[in-house]
Amino acid sequence: MKFGDIVTSVACAMVIYALIMFPLLWWTTRPEALDLYWGIQTSTVISLLLSALITGYIFGEKIQEARMESIGKITVLTAAFTMILAVASVAATADWTPWVKEAYQEMNPGVTLSTIEWMQVEAIALMYQVSFNVAMVLVLGFIGLYVGSTLKKMSEK
């Protein structure tokens, strides 16, 4: 699979992800559905898996050339792109810092930190979130691409 095909498949996966994520997010975060936290988590998992599955199906023929290598490259590039967007958007939210401080103080009551220590706690929280998200994108992306390309292969027979 050529690099251009990999970039195109990642762009396709991100567009499909957005088209699935936002309506699903709207539906799952309503008060009568799931709460805000679980609605976001559920929407993310479903959207990642379905977008990878659809992308695997669409690019199934090209993926078959060097299957594991192609799936690996698409998954890694998708994870990198997704995390760039996530870090930029999460860290830029107005309530990121107060949320991290509140969560830290709940876990460590009575502890007083300096400004540099708070910055380090926030950096650790962001690294934790990014690491968790990368693992989730890699696993769900790999599974979705593999199953999608398998479905494409089976449909051609």
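None of the figures in this text is laboratory data; all of them are computed from the coordinates on show. Everything numeric in this text was worked out from a predicted model, so none of it was measured. Reconstructed Cβ throughout: ideal geometry from the backbone, glycine too, with neighbour counts over all protein chains shown.
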- Straight-line reach from K73: which lysines have a Cα under 21 Å away, not including same-chain ones fewer than 8 places off? K2, K62, K152, K153
- Treating only Lys and Arg (+1) and Asp and Glu (-1) as charged, each at its beta carbon, one finds that segment 18-157 has a dipole about its Cα centre, in Debye to the nearest 20, of 660
- Message: Among 125-131, 108-114, how do they line up by average Cβ neighbours within 10 Å per residue, starting with the highest?
- Response: 125-131, 108-114
- Message: Of the listed values [x] 242; [y] 189; [z] 126, identify the label whose number matches volume of the Cα convex hull per residue in Å³ calculated from this model.
- Response: [z]
- Message: With unit charges on the beta carbons (Lys and Arg positive, Asp and Glu negative) and the dipole taken about the Cα centre of segment 3-156, which residue among A86, I20, A135 sits farthest to the positive side?
- Response: I20
- Angle between the Cα long axis of helix 115-156 and the longest principal axis of the chain, 0 to 90 degrees, nearest 10? 20
- Okay, helix-only estimate at 222 nm for the chain: each DSSP H run of n ≥ 4 adds -39500 (n - 2.57), divide by all residues, round to 500 deg cm²/dmol; what do you get? -29500 deg cm²/dmol
- Task: Among the aspartates and glutamates, select those whose C-alpha is under 16 Å from the C-alpha of K157, and discard any that sit fewer than 8 residues away in the same chain.
- Result: E61
- Pairing the Cα long axis of helix 3-28 with the longest principal axis of the chain, what angle in degrees results, from 0 to 90 and rounded to the nearest 10? 60
- Query: Helix 36-58 sits at what angle to the longest principal axis of the chain, using alpha carbons and giving 0 to 90 degrees rounded to 10?
  - Reply: 20
- Note on the structure: segment 127-157 and segment 16-72 have their Cα centres apart by a whole-number Å value of 9
